[in-house]
Amino acid sequence: MKARATETQRKTRIQTENEEKILDAALEEFSAHGFRGATIDRIAQHAGMSKPNLLYYFRRKQDIYEALIARLLDTWLEPLRELDAIGDPLPELQSYIRRKLEMARDFPRESRLFANEMLQGAPRIKRLLQSELKPLVDEKAEVLKGWMKAGRINPVDPRHLIFSIWSTTQHYADFDVQVQVILGPDRGADGRFEDAARYLETLFLDGLRPKNAAGDGPRIRTL
């Protein structure tokens, strides 16, 4: 369901700013307390506005949550959308891995919010998964299959490849405290994402590179 203020054709600058304030405050509240624990009152307090003012923009907590998840999912899927069928497969996949790690680094609250929704069975966003996520994954699975049939990467299950990239990259957001504790103060600093990128590139790209492929593989870039 859309925000009430967006039901008009054009929004004012103030309406846009207030909706952003509400969604930013909601991200903090939902990521800390989950959907059930979050309250409209605390979201309004974090947003610096009254509860009646907030309810002008969003009728229910559910509406705020759905708007937040929809925005999050759109951001989350952008790197997958950019996987280019006419590109060189290994550099394309390297870029995808890098982008996913950058998102783990830059959007940890969003990642944890999404993971929490999945753990609950996606009761509030299954419709979005079916309408937005599945068609995109199906499309990119065909891209991967095309590269495999052409002998450009080794044959694997394309959807499980995508799942594996998701799970390994998002681990560094969802379990970041654990990662830092285990790595310790020396390796648990910001460089852990570069270390992770190099490891995951070796794991995935070496496994996908055809045996007869020439060269040393895609150039490693820094985050």
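Figures for the structure shown
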item: Conditions (1) modelled with pLDDT of 90 or more; (2) open to solvent by less than 60 Å² (accessible area, probe 1.4 Å): number failed by ILE86; result: (2)
item: Residue list for segment 148-191, filter: in a loop (DSSP other than H, G, I, E, B), β-branched (Val, Ile, Thr) and in contact with a Lys or Arg (Cβ under 8 Å, 6 or more places away or on another chain); result: ILE153
item: Which listed residue, of ARG42, ARG36, ARG81, is under 30 Å from HIS171 (Cα atoms) and either among the polar types (S, T, N, Q) or within 20 Å of the chain's Cα centre (by Cα) (or both); result: ARG81
item: Residue pairs meeting the criteria (Cβ under 6 Å; at least 6 apart or on separate chains; first assigned by TED's automatic domain parsing to the domain that holds LEU80, in segment 117-145; second part of a loop (DSSP other than H, G, I, E, B) and open to solvent by 20 Å² or more (accessible area, probe 1.4 Å)); result: VAL143/ALA85
item: Residue identified as on the phi > 0 side of the Ramachandran plot and small (Gly, Ala, Ser) among ALA122, ALA141, ALA115, ALA104; result: ALA122
item: Test set (1) touching a residue at least 60 places away in the same chain (Cβ under 8 Å); (2) surrounded by fewer than 18 Cβ atoms within 10 Å (Cβ to Cβ) - TYR172 fails condition number; result: (2)
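So that you can scan it fast, the table gives a plain yes or no per residue for (1) within 20 Å of ALA197 (Cβ to Cβ); (2) in a helix (DSSP H, G or I); (3) touching an Asp or Glu at 6+ places or on another chain (Cβ under 8 Å):
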{"site": "ARG10", "(1), (2), (3)": "no, no, no"}
{"site": "ILE14", "(1), (2), (3)": "no, yes, no"}
{"site": "LEU90", "(1), (2), (3)": "yes, yes, no"}
{"site": "GLN94", "(1), (2), (3)": "yes, yes, yes"}
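The values are calculated or read from the model by the stated rules, or taken from the named source; none is laboratory data. Everything numeric here is computed off the predicted structure, so don't read it as measured data. Backbone-built Cβ (ideal geometry, glycine too); neighbour counts: all protein chains shown. Each accessible area value is taken on the protein alone, full model and side chains, heavy atoms only, with ligands, DNA and RNA left out. Shrake-Rupley method; radii C 1.70, N 1.55, O 1.52, S 1.80 Å.
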